[in-house]
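Single-structure report; data block below.
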Amino acid sequence: MSYEIELKALCDDCDGLRGKLSRLNAEFIRLEKQSDTYYNHPGKDFALTDEALRIRVVNGISMLTYKGPRLKGPVKTRIEKEVEVSDPLSMGAILEYLGFARNIDVKKEREVHKLGDVTICLDRVEGAGMFVEFEMISADREYAEKELLSLAEKTGFNTFEKRSYLQILLDTIKGEKNNQK
């Protein structure tokens with residue numbers, strides 16, 4: 001079984017990070033604009049079960065993604081299953097007919113780099129800021145965790161964000177509502 005294993009951190013100096021990645025011989029892969037629409041299950045709250053269901057559209061390609069609950073450990077690790085969807089609007093309508101509630105949209109610009117088995121993404125998330133993600137898909141959690149922590153340290157990161165972009169935005173919205181009271 002393969003896992004999505006990742007570290008995420010706020011990134012205040014993207015140019016500095018790009019320089020470090022270049023010195024490590026990381027390869028620039030592409031720029032992406034991503035639009036993620038999240039859904040909540042009709043019989044359970046994904047925020048409480050730490051699961052996610054989304055439709056992601058990137059450069060005209062759509063994927064339906066399920067993310068399972070995070071597994072214990074120092075690095076964010078979870079099962080992730082994806083399937084390509086030819087019609088994201090119809091897929092969203094099907095989910096809503098089945099009782100899934102549309103939650104929130106997360107929009108981001110992503111700069112993708114690759115270093116060995118590690119994908120490094122610089123993300124500008126609307127409403128949340130700039131982040132870096134170090135990610136591997138692997139069946140060997142221990143190896144992947146060591147690789148990600150080592151690369152994060154080499155590039156100057158040692159404090160990590162455990163929340164998803166969805167949760168960061170929901171927390172921001174909640175905070176804004178509390179400030180308006």
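Among the residues of segment 119-152 satisfying the criterion of being touching a strand residue (DSSP E or B) at 6+ places or on another chain (Cβ under 8 Å) and charged (D, E, K, R), which is surrounded by the fewest Cβ atoms within 10 Å (Cβ to Cβ)?
E126
On the given criteria, is I55 buried (at least 19 other Cβ atoms within 10 Å of the Cβ), touching a strand residue (DSSP E or B) at 6+ places or on another chain (Cβ under 8 Å), at pLDDT 95 or above and not in a helix (DSSP H, G or I)?
Details: buried (at least 19 other Cβ atoms within 10 Å of the Cβ): yes; touching a strand residue (DSSP E or B) at 6+ places or on another chain (Cβ under 8 Å): yes; at pLDDT 95 or above: yes; not in a helix (DSSP H, G or I): yes.
Taking the combined requirement at face value, the residue satisfies it.
Scan (1) over 16 Å from E4 (Cβ atoms); (2) in contact with a His (Cβ under 9 Å, 6 or more places away or on another chain) for the single condition L170 breaks and write down its number.
(2) is the only condition that L170 fails.
Test each condition in (1) under 29 Å from E147 (Cα atoms); (2) in contact (Cβ under 8 Å) with a residue 12 or more places away in the chain for G19 and report the one that comes out false.
(2)
Of all residues in segment 64-103, count the ones that are touching a Ser or Thr at 6+ places or on another chain (Cβ under 8 Å), within 18 Å of E142 (Cβ to Cβ) and part of a strand (DSSP E or B).
1
In segment 2-17, how many residues are more than 17 Å from G129 (Cβ to Cβ) and either of a type in the set (D, E) or in a helix (DSSP H, G or I) (or both)? Talk me through it step by step, then tell me what you get.
Step one: list which residues in segment 2-17 are more than 17 Å from G129 (Cβ to Cβ), which gives 2-6.
Right, trim to either of a type in the set (D, E) or in a helix (DSSP H, G or I) (or both) and you get 4, 6.
Final tally of qualifying residues: 2.
Please work out which residue is surrounded by the fewest Cβ atoms within 10 Å (Cβ to Cβ), limiting yourself to segment 10-51 and to residues that are among the aliphatic types (A, V, I, L, M) and at pLDDT below 95.
Here is the first cut: in segment 10-51, the residues among the aliphatic types (A, V, I, L, M) are 10, 17, 21, 24, 26, 29, 31, 47-48.
This time we only want the ones that are at pLDDT below 95, so: 47-48.
Numbers: A47: 14, L48: 7.
So the residue we want is L48.
Quick one: in segment 137-162, of everything that is free of Cβ contacts under 8 Å to residues at least 12 places away in the same chain and assigned to a loop (DSSP other than H, G, I, E, B), which residue is farthest from the chain's Cα centre (by Cα)?
Here is the first cut: in segment 137-162, the residues free of Cβ contacts under 8 Å to residues at least 12 places away in the same chain are 140, 142-143, 146, 150, 153, 158.
From what's left, assigned to a loop (DSSP other than H, G, I, E, B): 140, 158.
Numbers: D140: 20, N158: 18 Å.
My answer is D140.
If a residue has to be without any contact (Cβ under 8 Å) to a residue 60 or more places away in the chain and either touching a Leu at 6+ places or on another chain (Cβ under 6 Å) or surrounded by 13 or more Cβ atoms within 10 Å (Cβ to Cβ) (or both) to count, how many in segment 97-118 make the cut? Before the answer, list the steps.
Applying the first criterion (without any contact (Cβ under 8 Å) to a residue 60 or more places away in the chain) to segment 97-118 yields 97-99, 116-118.
Then drop every residue that is not either touching a Leu at 6+ places or on another chain (Cβ under 6 Å) or surrounded by 13 or more Cβ atoms within 10 Å (Cβ to Cβ) (or both), which leaves 117-118.
Matching residues across segment 97-118 total 2.
Of the residues L169, L115, which single one is at pLDDT 95 or above and touching a strand residue (DSSP E or B) at 6+ places or on another chain (Cβ under 9 Å)?
Details: L169 fails: at pLDDT 95 or above.
None of the others qualify; the one that does is L115.
With (1) assigned to a strand (DSSP E or B); (2) closer than 30 Å to K154 by Cβ; (3) more than 14 Å from the chain's Cα centre (by Cα); (4) hydroxyl-bearing (S, T, Y) as the list, and Y39 as the residue in question, which single condition is left unmet?
(2)
Answer with yes or no whether E111 is over 17 Å from Y3 (Cα atoms) and either in a strand (DSSP E or B) or of a type outside the set (S, T, Y) (or both). Lay out the reasoning, then the answer.
On the way: over 17 Å from Y3 (Cα atoms): yes; either in a strand (DSSP E or B) or of a type outside the set (S, T, Y) (or both): yes.
So E111 fits the description; yes.
Could you tell me whether I61 is farther than 23 Å from M136 by Cα, among the β-branched types (V, I, T) and free of Cβ contacts under 8 Å to residues at least 40 places away in the same chain?
Numbers: farther than 23 Å from M136 by Cα: no; among the β-branched types (V, I, T): yes; free of Cβ contacts under 8 Å to residues at least 40 places away in the same chain: yes.
Criteria not met by I61.
Condition test on G92, is it within 16 Å of L169 (Cβ to Cβ), surrounded by 13 or more Cβ atoms within 10 Å (Cβ to Cβ) and more than 14 Å from the chain's Cα centre (by Cα)?
Numbers: within 16 Å of L169 (Cβ to Cβ): no; surrounded by 13 or more Cβ atoms within 10 Å (Cβ to Cβ): yes; more than 14 Å from the chain's Cα centre (by Cα): yes.
In short, no.
The values are calculated or read from the model by the stated rules, or taken from the named source; none is laboratory data. Everything numeric here is computed off the predicted structure, so don't read it as measured data. When we count neighbours, we look across all protein chains shown, and the Cβ atoms used for this are built from the backbone with ideal geometry, even at glycine.
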